[in-house]
1. Rolling a 1.4 angstrom probe over the protein heavy atoms, how many square angstrom per residue are accessible across the chain?
2. Once the Cα atoms of the chain are picked out, what are the Rg and Dmax in Å?
3. Run lengths n ≥ 4 of DSSP H only: what is the helix-derived mean residue ellipticity at 222 nm for the chain, with -39500 (n - 2.57) per run over all residues, to the nearest 500?
4. Once the Cα atoms of helix 32-55 and of the chain are each reduced to a long axis, what angle between those two axes, in degrees from 0 to 90 to the nearest 10, is obtained?
5. Under 8 Å for C-alpha pairs, at least 6 residues apart: give me the relative contact order for the chain, rounded to a whole percent.
6. Within the set of other residues whose C-beta is less than 14 Å from the C-beta of Gly6, count the net charge using Lys and Arg as +1 and Asp and Glu as -1.
7. Using a 1.4 angstrom probe with every protein chain in place, what is the largest-first accessible-area order of Phe50, Phe21?
8. Could you state the angle between the C-alpha long axis of helix 2-16 and the longest principal axis of the C-alpha atoms of the chain, as a value from 0 to 90 degrees rounded to the nearest 10?
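The values are calculated or read from the model by the stated rules, or taken from the named source; none is laboratory data. What you see is a predicted model; the values in this text were computed from it and never measured. Cβ placement follows ideal geometry from the backbone for every residue including glycine, while neighbour counts extend to all protein chains displayed. These accessible areas exclude ligands, DNA and RNA; they are computed on the full protein's heavy atoms, side chains included. Shrake-Rupley method; radii C 1.70, N 1.55, O 1.52, S 1.80 Å.
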Amino acid sequence: MRKEIGRWLVDVSKYMITGVFITSLLNNFSDVNGWIIALLSLGISLVLLFLGLRNLK
């Protein structure tokens with residue numbers, strides 16, 4: 001059960017990085033909101049990746 005949750009968290013982390021973070025990088029960063037969205041999505045992705053990898057053990 002824990003391995004499945006870990007795999008799911010790693011997958012969600014990958015989707016966050018590809019969907020939100022890269023999309024916000026492709027947009028214009030002249031607006032402060034673009035930087036905030038990029039940093040928040042990167043932070044959330046790293047937390048989910050950490051939790052997922054920890055549950056895979």
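1. 76
2. Spelled out, the Cα radius of gyration and Dmax of the chain are 13.0, 44 Å.
3. Calculated at 222 nm, the ellipticity per residue is -25000 deg cm²/dmol.
4. So the helix axis and the longest Cα principal axis differ by about 10 degrees.
5. Once normalised by length, the contact order is 58 percent.
6. It works out to a net charge of +4.
7. Phe50, Phe21
8. 10
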